[in-house]
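This report refers to the structure that appears directly beneath it.
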Amino acid sequence: MSSEKDIKEVIFEKIPREAQIVGIEMEGPAIAVYVENLGFLVNGQQVLAEVAKQLRKRIVVRPAVKARKPKEEAEKIIKQLVPKKAGVEAVVFNDVFGEVLVSVRHPDAVEELGEKVLNDIMVETGWKPSIIRIPPLSTTVIPQVMYVFNQNAEERFKILREIGERIFRKPLFKTETITLTFLGGAEQVGRSSILVSTDESNILMDFGINPAASSYADSFPRIDRIPISVEDIDAVVVSHAHLDHMG
């Protein structure tokens, strides 16, 4: 496994100086590369794909803070670039990740232009956009999603950094033994959960439920049977969003 230092060396070696890299952060399982050259966000995808393939890691490129337009100016530009028939309802910025959510009534008007609108927004504003659709009927879901989008963003970023540092650091011990403990989902459908243990970490793969179970004991993974405390679990990895895998 490549260490954080090795990863940064490869990125600086492979990505051209024209990209103007100003920072590389380990954010959870992904590697975030911050650049000041906004054109690289659009034109550097081939290079990034090659680097990601070499490192076997997910790489995310974000505009550097200095490259971002002020919010008011960026919002005006976004409303000019998004087709009027799309019907922009709200624009919400996330300062921590340099992202912007643009809620529209007719996303098809944006999608029919391909990636052009999104790319133009990135290059012109320095913010990375996502388009979301406003439902035809009034709902509180979208405002809540946009609220969560910004809520505790700094705390989320800090947590991702801490997780990233643990993922990409050099191993503390040489792993000679890997133990799998099935807490549920073995020879049955539902409540899938596997504890993967090595000499230095414990990872829980899924933690689902069995909605059809007739008893409480058969509904949930047998967390009471593991030889460690819950506090010793380093991470929970969810394979996909089904009840029998995520609960």
Residue match in the stretch 1-13 (condition: closer than 21 Å to residue 162 by Cβ, out of contact with any helix residue (DSSP H, G or I) (no Cβ under 9 Å at 6 or more places or on another chain), at pLDDT 90 or above and of a type outside the set (S, T, N, Q)): yes
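To keep it simple, each residue is scored yes or no on (1) over 20 Å from residue 241 (Cα atoms); (2) of a type in the set (S, T, N, Q).
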position	(1), (2)
191	no, no
194	no, no
198	yes, yes
205	no, no
211	no, no
216	yes, no
220	no, no
225	yes, no
Criterion (assigned by TED's automatic domain parsing to the domain that holds residue 113 and in contact with a helix residue (DSSP H, G or I) (Cβ under 9 Å, 6 or more places away or on another chain)) met by exactly one of 61, 82, 33, 47: 82
Filtered residues of the stretch 102-125 (kept if touching a residue at least 60 places away in the same chain (Cβ under 8 Å) and surrounded by 21 or more Cβ atoms within 10 Å (Cβ to Cβ)): 122
Residue selected from the stretch 108-157 under the condition among the acidic types (Asp, Glu) and not in a helix (DSSP H, G or I), by the criterion nearest to the chain's Cα centre (by Cα): 115
Residues located in the stretch 11-27, provided they are within 24 Å of residue 171 (Cα to Cα) and either in contact with a His (Cβ under 7 Å, 6 or more places away or on another chain) or surrounded by 15 or more Cβ atoms within 10 Å (Cβ to Cβ) (or both): 11, 24, 25, 26, 27
Yes/no for residue 176 being modelled with pLDDT under 85 and among the acidic types (Asp, Glu): yes
Qualifying positions in the stretch 53-72 - buried (at least 16 other Cβ atoms within 10 Å of the Cβ) and in a loop (DSSP other than H, G, I, E, B): 57, 64, 68, 69
Lone unmet requirement of (1) surrounded by fewer than 16 Cβ atoms within 10 Å (Cβ to Cβ); (2) closer than 29 Å to residue 97 by Cα for residue 146: (1)
Enumeration of residues in the stretch 74-92 that are in a helix (DSSP H, G or I) and touching a residue at least 24 places away in the same chain (Cβ under 8 Å): 74, 77, 78, 81, 85, 86
Qualifying positions in the stretch 158-178 - under 21 Å from residue 197 (Cβ atoms), of a type outside the set (D, E, K, R) and either assigned to a helix (DSSP H, G or I) or under 14 Å from the mean Cα position of the chain (by Cα) (or both): 163, 167, 168
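I need the full set of residues from the stretch 168-181 which are crowded, with 16+ Cβ neighbours inside 10 Å and hydrophobic (A, V, I, L, M, F, W, C), in order please.
168
The values are calculated or read from the model by the stated rules, or taken from the named source; none is laboratory data. Source: prediction; values computed, not measured. As a convention, Cβ positions derive from the backbone with ideal geometry for all residues, glycine included, and neighbour counts pool all protein chains shown.
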